[in-house]
Amino acid sequence: MRRILVPPRLSEQLPAPGSHIERFAGTTMGTSWSVQVLARRGQIDPTLETGIIARLDKVVAEMSHWLPSSDLSRFNRANAGSWHCLPPNLYKVLACAARIAKSSGGAFDPYAGALVNLWGFGPVNRYDEPHFAPPTAAAASAARDNISANRVRLDSVTRSAWQPGDIHIDLSAIAKGFAVDQVADYLLACDRPHFLVEVGGELRGEGMKPDHQPWWVELEGPPGVATEPTAVALHGLSVATSGDYRRSYQLERMHLAHTIDPRSGRPIDNGVASVTVIHPECMYADAYSTALTVLGHVEGMAYAELEGVAARFLVHDGGGVREYISSHFEDLLG
Ligand code: AMP
Ligand code: MG
């Protein structure tokens, strides 16, 4: 059977008669992006695409730890005990990540970049390079202890962050979602209220298509595994999925995923195949989907209920997956 998820509120704003869809696409953050946006009849805006690209480039220039010149990379290299005033968007994303780190009991942790790097998922010492070796148990524990003992401090008044020394911030679990929101805000500011924006599989839809249908999106699941087909109407909603299948490698019959549990210092090993989160803001959908992937379906379900998050967990079960949904997800099922 096919299930559908529908938003709690419908916007009154209908597309103008004769509207058509404009499509743009490209690459950013090591992945692809795409935008479908409605244009009114005769509406020509030659700067729209460059405006979208400028928004995406700005997120990279501030938040990518892959780009040595980014504000984030400069913070990561900074001397121990130094304060750094951050650009407003970087501060906003970091503060949101820090809040979710706290509420998730450290399952989500933007300060765990050193662990991500050790396990081969950072910009250097990559798992797919010829001489890569995963860390010893002692090295992973030492990195974990260093991360939990030396926390970055944030000052919201001056929008500054304090580098305790050798702490590497990694915003990969939240920045794609934020980039989607940035493009969405730009399109809204350009008086384009009907669109579907996607960066690396994280999506946000507003308004509707020329035929007054919402932007229907199929929920993602692990490849080759049968799941109940489920479509969501992205009308004032975002959807993000984290999964153990997205980037991973095999080590002595162990499957090592790019999602790290900062509490153990190791890649997750909780049976979660994927977690999908639906939220009005893509930044939150992205961050929560990673947090819940680390927490697993038992602890994660309690957290999702506490935070009011609409989440679907797919957990490995034999050759297939078992589904667990939060009450807010259930509320969206039409
Ligand atoms: P996502 O695909 O949104 O779940 O993000 C995964 C990426 O976030 C990984 O490739 C790492 O760079 C980073 N990451 C891994 N584990 C965590 C974690 N526990 N908390 C925050 N970021 C993480
Ligand atoms: Mg994420």
Could you tell me whether any residue of the range 166-175 is within 30 Å of Arg3 (Cβ to Cβ) and either among the charged types (D, E, K, R) or away from ligand 1 (no atom under 16 Å from the Cβ) (or both)? no
Quick test for you: out of Gly236, Gly200, Gly221, pick the one residue that is in contact (Cβ under 8 Å) with a residue 24 or more places away in the chain, surrounded by fewer than 22 Cβ atoms within 10 Å (Cβ to Cβ), among the small types (Gly, Ala, Ser) and within 16 Å of ligand 1 (Cβ to nearest atom). Gly200
Conditions first: (1) farther than 27 Å from Arg159 by Cα; (2) at pLDDT 95 or above; (3) surrounded by fewer than 17 Cβ atoms within 10 Å (Cβ to Cβ). His131 passes all but one, so which condition is the exception? (2)
Can you pull out every residue in the range 304-334 that is buried (at least 23 other Cβ atoms within 10 Å of the Cβ) and assigned to a helix (DSSP H, G or I)? Ala304
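To keep it simple, each residue is scored yes or no on (1) touching an Asp or Glu at 6+ places or on another chain (Cβ under 9 Å); (2) assigned to a loop (DSSP other than H, G, I, E, B); (3) within 16 Å of ligand 2 (Cβ to nearest atom).
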residue	(1), (2), (3)
Val157	no, yes, no
Ile167	no, yes, no
Phe178	yes, no, yes
Tyr186	no, no, no
Taking the conditions exactly as written (closer than 22 Å to Gly236 by Cα, open to solvent by 50 Å² or more (accessible area, probe 1.4 Å) and either of a type outside the set (A, V, I, L, M) or in a helix (DSSP H, G or I) (or both)), does Arg41 satisfy them or not? no
Of residues in the range 249-266 being more than 21 Å from Gly224 (Cβ to Cβ) and touching a residue at least 60 places away in the same chain (Cβ under 8 Å), the one least open to solvent (accessible area, probe 1.4 Å): Gly265
Among the residues of the range 109-125, which ones are outside any helix (DSSP H, G or I) and under 11 Å from His258 (Cα atoms)? Trp119, Gly120, Phe121, Gly122
Name the pairs whose Cβ atoms lie under 6 Å apart, with the first residue in the range 304-331 and among the β-branched types (Val, Ile, Thr), the second surrounded by fewer than 19 Cβ atoms within 10 Å (Cβ to Cβ) and assigned to a strand (DSSP E or B), and 6 or more positions between them or separate chains? Val315/Arg322
Run Ser69 past the list (1) part of a loop (DSSP other than H, G, I, E, B); (2) more than 28 Å from Met208 (Cβ to Cβ); (3) open to solvent by 20 Å² or more (accessible area, probe 1.4 Å); (4) in contact (Cβ under 8 Å) with a residue 12 or more places away in the chain and report the number of the one that doesn't hold. (4)
Can you tell which of Arg204, Arg192 is in contact with an Asp or Glu (Cβ under 9 Å, 6 or more places away or on another chain), at pLDDT 95 or above and within 16 Å of ligand 2 (Cβ to nearest atom)? Arg204
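The values are calculated or read from the model by the stated rules, or taken from the named source; none is laboratory data. Not measured: the values here are computed from a predicted model. Glycine gets a Cβ as well: all are built from the backbone with ideal geometry, and neighbour counts include every protein chain shown. All accessible areas refer to the heavy atoms of the entire protein, side chains included, with ligands and DNA or RNA removed. Shrake-Rupley method; radii C 1.70, N 1.55, O 1.52, S 1.80 Å.
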